[in-house]
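All of the numbers you see were taken from the coordinates with simple rules; none came from a lab. Bear in mind the structure is a predicted one, so any value in this text is a computation, not a measurement. Because the Cβ atoms are built from the backbone with ideal geometry, glycine has one as well, and the counts that use them run over all protein chains shown.
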Amino acid sequence: MKKLFVIVLSLMLCIGLSACTKSNEKEDKETEKKTESKETEKKTESKEEQKKQITKSVIDGDTITNEALGFTMTLPEDWSFASKKELKLIFGQAAEIVDDADVTEAMEEGDIIPILVSSEFPLGEVENSNTNINAFTMKSPLSAKSVAKATEATVDSSKEMESTTEVINGNEFYTLATSSTDLQQKQYFIKKDGYIICITSTFYDEAGKATTEKSIQTIQIEE
């Protein structure tokens, strides 16, 4: 389970820094699994349907909604959203950087599901200064607090760090802020229906910080 937290932090950091310029097509692989009973079959179908619904996010103007998670967020006007194809590529690149079979399996099994990557400039247009917000959800039996605390333990000791809680529109998030000479990032963790929702803002100056914080304050998580 400890490895899971390394995965979370690594994905958050890598996705926040990713710049997408071209894609690699990969064929989807389907596997057949035998079940021992109809009850197990139904549970499997139910879980798969839940994952399928979570992958469906709708973008309307500057607002993104994920109905299955009850998640809504409004991004800055004129920011770019990664397409589904770009999301898959970005998360794939992050998984390659982490370079772990468990990460790849979690991605393929749908236990780590991309929600959004939105940035000030189109992905790949600028280097090292593209203020952005990304979000994904991860299946976990643990609480958001436990994931945040364990993730905190993996942070590079050379970085300044602050962990706390923050209430946004009636929902309590566990947060972890890290900073270095080059950039600052802040992670938000909350649990919904067995999934940890992980949101990361990446910014490079006070203007970027103010912009991302304004968007973070629009997050709604409905019961």
Subject >> Footprinting exposure proxy for Lys214, Lys149 (fewest neighbouring C-beta atoms within 10 Å first) >> reply: Lys214, Lys149
Original post:
Which length gain, in nm to one decimal place, applies between Glu77 and Ser143 when the Cα-Cα distance is subtracted from 0.36 nm times their residue separation?
Top reply: 20.4 nm
Original post:
Can you list the HN-Hα couplings for the stretch 199-213, worked out from phi with the Karplus curve (6.51, -1.76, 1.60; θ = phi - 60°), rounded to whole Hz and with x for Gly and Pro?
Top reply: 10, 10, 10, 10, 8, 10, 7, 5, 5, x, 4, 5, 5, 5, 5
